[in-house]
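The structure appears right after this line, and notes come after that.
The values are calculated or read from the model by the stated rules, or taken from the named source; none is laboratory data. Just so you know, these numbers come straight off a predicted model, no measurement behind them. Counting neighbours? That spans all protein chains shown, and the Cβs are built from the backbone with ideal geometry, glycine included. Note: areas computed on protein heavy atoms with side chains; ligands, DNA, RNA excluded. Shrake-Rupley method; radii C 1.70, N 1.55, O 1.52, S 1.80 Å.
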Amino acid sequence: MPPCHRVSVFPSPGTPTASATTQISFRGRAFARLERSPVSVIGSRTGRHRGRWVADSDGQGGSLFPTRPFAAGETVTVLTGFALCGASRDRDQFQVAVPPAGLRLFRTSTAAGPATGLQHFRSAPGLQPPRVAVSRSGHSAPGDLLLAPKEGDGSGGPMILGPNGHLIWFDPLPGGTKATNLRVQRLQGAPVLTWWQGQVVSGHGRGEDLIANRHYRVVATVRAGNGYAADLHEFLLRGRDTAWITAFSPVARDLSQVGGPADGAVWDGIVEAIDIPTGNVLFEWHSLGHVGPSAAYPPLPTVAGAPYDYFHVNGISPQPGGTVLISSRNTDSAYEVSQATGRVLWRLGGRSSSLRMEGGTFFRLQHDVEWRGNGLVSVFDDEDQSPRRLPARALLLRVHLRLRTVTLVGAYGHAPPLLDSAQGNVQILPDGHLLIGWGSQPATTEVSRSGRVVMTATLSAGNSYRAYRGRWTGLPPGPPQLAVGTRGGGGVTAYASWNGATEVHRWELLAGSSPTALAAVRSWRRRGFETGLPVPVAAAYVAVRAETSTGTVLGTSAAVSTAGAGG
């Protein structure tokens, strides 16, 4: 489908489950013209709505925010003085969602267990991340390993590891709060750390997406628009200031045609593009406007009031040409969607694929479906819970749109095979290697295109929704941390660390008779997250300086007394 040269409007025409507090978003018209245009918003029950305009940060669109909410179930008509994409002319009509009655949700929680398999540091006692065992059997791509451990004993949170598995940065989260999708992305041309953080309710995230600079300061928080909560499954930065996210909303739905109750409920899968500076919605897509529950494979829920998660959006891959590939775990499909109209252009996999799936290309319960250029698509194929209980694998598929076929480029399993009920991802690295996060399993592997395993990383506790490799340079805002303790033979050791510092090459020990009378003693090469430095017998106080490989001082710790050093 060629790009629409009209103005795109969201909620798009025909949307059946818009939020009662939705904004009306317009893209493709200069805001100066848009603000002067005659736009009327009329609810079939609530009548005419006034609102305030907010410009998108690029000036090429904006949103009208009604001053009062719409009524559940009503039809809203938007009349404009210009032609709209997906509409017959200048009229957009959508329906407002009806919330389900007797809704039952549950919060995912993990019972605290014994703190086994965790790392402990004298200089950073508040950090107790799981251990990560890394083994290599070949040349690995450059960059650090980024995980977000959860579901295990001890603390969970975003974590960066060096090439050999030593800890670089860990941000422990309070109980009940989880993180996913830690990766290095770019915002306005600069590298940033991004991740989702929040709580998990009925298998879906209710939280927000965070963007941090090299000093680990959060410089932007991305929240879902229109009253929704940002979901854990995807968070992408594209262009200069746009974030793509997922969300879920429980809505009433007649399920009698699929064997369920007439007064049933489903999870509506939502994809949004958010303008980061303003929070405006630039794009919004609802699964219920395009895919019905009859496309789903999982059985209906047996708990009264629990919504049917028939679609389960878990991956987004927007393209510069104006489309976005949306992954639906529970229909075993991915949908190519027009960004201008929200219409499904074609479907990959599932009950009625638009393309012929040739040998070895079918996937089930998949995650992380991404365009890779020149018709190449990567898929993490979970497979588990399918009737044959097949092991998980990473797939590279070639989509031939002209021929309407899909062929297999490569399939990469784990040795030994892993049954993976959920989660997982595939990252194609700059050297062509594949980094595979095995989702609900505690493993991450890096393989060459020929399938040779060159790196394996295994968490001692829990798992990580996805795994990524990326180049990261971090400099924490605070000083290095220092603690002292005794060593064998009665000597004192200074233990130095600096959570998140990536450029520390060596530690210089400072010692003296008082905190203000310290002199350099000796330098030691940094060894892992925490380095032990022998302290001279006569030293009453010590401190450490963090230095780069060229001798530049990055930071100096506070002075610590050696009196009463613990074991």
Result of the Cβ filter at 7 Å on the stretch 285-303, keeping first residues that are within 14 Å of L255 (Cα to Cα) and partners that are at pLDDT below 95 and part of a loop (DSSP other than H, G, I, E, B), at least 6 apart or interchain, is A295/R351
Those residues of the stretch 345-403 that are part of a loop (DSSP other than H, G, I, E, B), surrounded by fewer than 15 Cβ atoms within 10 Å (Cβ to Cβ) and among the basic types (K, R) come to a total of 4
Within the stretch 179-236, residues in contact (Cβ under 8 Å) with a residue 60 or more places away in the chain and of a type in the set (K, R) come out as R183, R214, R217
Scanning the stretch 492-518 residue by residue, the ones that are surrounded by 14 or more Cβ atoms within 10 Å (Cβ to Cβ), of a type outside the set (S, T, N, Q) and over 22 Å from R471 (Cβ atoms) total 12
Being more than 21 Å from the chain's Cα centre (by Cα) and open to solvent by less than 30 Å² (accessible area, probe 1.4 Å) narrows A262, A296 down to just A296
Log entry, pairs with first residue in the stretch 91-113 being closer than 30 Å to S44 by Cα and outside any loop (DSSP other than H, G, I, E, B), second being acidic (D, E) and modelled with pLDDT of 90 or more, beta carbons closer than 6 Å, six or more apart or on different chains, reads V96/E74
Across (1) open to solvent by 10 Å² or more (accessible area, probe 1.4 Å); (2) in a loop (DSSP other than H, G, I, E, B); (3) of a type in the set (A, V, I, L, M, F, W, C), L408 clears everything bar (2)
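Inside the stretch 225-324, counting only strands (runs of 3 or more DSSP E) that do not spill past its ends, which hold 3 or more residues that are touching a helix residue (DSSP H, G or I) at 6+ places or on another chain (Cβ under 8 Å)? Even if it seems obvious, please write down each step before you answer.
Working: elements: 235-238, 242-253, 264-275, 281-286, 313-319.
Where strands (runs of 3 or more DSSP E) fall fully within the stretch 225-324 and carry at least 3 residues being touching a helix residue (DSSP H, G or I) at 6+ places or on another chain (Cβ under 8 Å), they are 264-275.
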Checked the stretch 519-567 for anything over 26 Å from V132 (Cα atoms), surrounded by fewer than 20 Cβ atoms within 10 Å (Cβ to Cβ) and touching a Phe, Trp or Tyr at 6+ places or on another chain (Cβ under 6 Å); matches are A559, S561
Inside the stretch 421-445, the number of residues satisfying the requirement of being more than 18 Å from H233 (Cβ to Cβ), within 20 Å of the chain's Cα centre (by Cα) and open to solvent by less than 20 Å² (accessible area, probe 1.4 Å) is 6
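Could we say that S327 is open to solvent by 40 Å² or more (accessible area, probe 1.4 Å) and at pLDDT 95 or above here?
Numbers: open to solvent by 40 Å² or more (accessible area, probe 1.4 Å): no; at pLDDT 95 or above: yes.
Against the criterion (open to solvent by 40 Å² or more (accessible area, probe 1.4 Å) and at pLDDT 95 or above), S327 does not qualify.
Out of the stretch 213-224, which residues are within 14 Å of the chain's Cα centre (by Cα) and either part of a strand (DSSP E or B) or among the aliphatic types (A, V, I, L, M) (or both)? Give the derivation first.
At the first step, the residues of the stretch 213-224 found to be within 14 Å of the chain's Cα centre (by Cα) are 221-224.
Listed by number, the residues that qualify are T221, V222, A224.
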